[in-house]
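One structure is given below, encoded as structure tokens.
A short reminder: the numbers here are calculations on the coordinates, not readings from a lab. Keep in mind that what you see is a predicted model, and the values were worked out from it rather than measured. Cβ atoms come from the backbone with ideal geometry, glycine included; neighbour counts cover every protein chain shown.
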Amino acid sequence: MTEIVYKEESYKITGAIYEVYNTLGAGFLESVYQEALEYELSQRGIPFMSHPELKIKYHDIVLSHKFIPDIVCYDKIIVELKSVSEICDSHFAQLINYLKASNMKLGLLVNFGTTPKVDIRRFAL
């Protein structure tokens, strides 16, 4: 049986995500959900960074370009937010690339643009 990566931490983050969705529903811009989720994470004592600039390594150099995920929680979980009618392959690729570039093991791809509930997808490397 495979162990779930960062089970407790992701459970707490997911609870905050559901609270935001249950309060706001679908239909807002991503920036609204970002601000509301940051508030909710703070209220729950979940450590996070908003739009951190993370370095990209290529072979043995660090590139001048950075990538900027929406939120990083616990210094180890990337939370990428969307507010679209449907998640597409490019959204998956974005999160997977963020995980590979950062050497983080877990990412949550969250789409607030769906009904009747928020769409949360876990990606573990």
Per-residue ellipticity at 222 nm attributable to helices in the chain (runs of n ≥ 4 DSSP H, -39500 (n - 2.57) apiece, nearest 500 deg cm²/dmol) works out to -12000 deg cm²/dmol
Ranked by GNM mean-square fluctuation in the chain (Cα springs under 10 Å), the top entry among Ser90, Ser64, Ser50 is Ser64
Between Thr114 and residues 5 or more places away or on another chain, the pairs with built amide H atoms under 5 Å apart involve Asp119
Of the listed links Lys66/Lys100; Lys66/Lys117; Lys7/Lys55; Lys57/Lys105; Lys12/Lys82; Lys82/Lys105, those spanning more than 23 angstrom between alpha carbons are Lys66/Lys117; Lys7/Lys55
Given a Förster distance of 30 Å, the FRET efficiency implied by the Cβ-Cβ spacing of Ser64 and Phe92, rounded to the nearest 0.05, works out to 0.70
Nearest 10, in degrees from 0 to 90: the angle of helix 7-24 to the longest Cα principal axis of the chain is 40 degrees
The chain, Gaussian network, Cα under 10 Å: of Leu63, Leu99, Leu109, the residue fluctuating most is Leu63
Given unit charges at Cβ for Lys, Arg (+) and Asp, Glu (-), the dipole magnitude of the chain about its Cα centre in debye, nearest 20, is 300 debye
By Cβ neighbour count within 10 Å, fewest first, Cys73, Cys88 rank Cys88, Cys73
Output row, site Glu3, 7 Å Cα→C-beta label point, backbone N cut-off 20 Å, window the stretch 103-125, residues 103-108, 122-125
Of the candidate values (i) 7.7; (ii) 7.1; (iii) 8.4, the one computed for mean projected area of the Cα convex hull in nm² from this structure is (iii)
The helix 30-43 Cα axis meets the longest alpha-carbon principal axis of the chain at an angle in degrees, between 0 and 90 and rounded to 10, of 90 degrees
The rounded separation in angstrom of the Cα centers of the stretch 1-19 and the stretch 37-71 is 18 Å
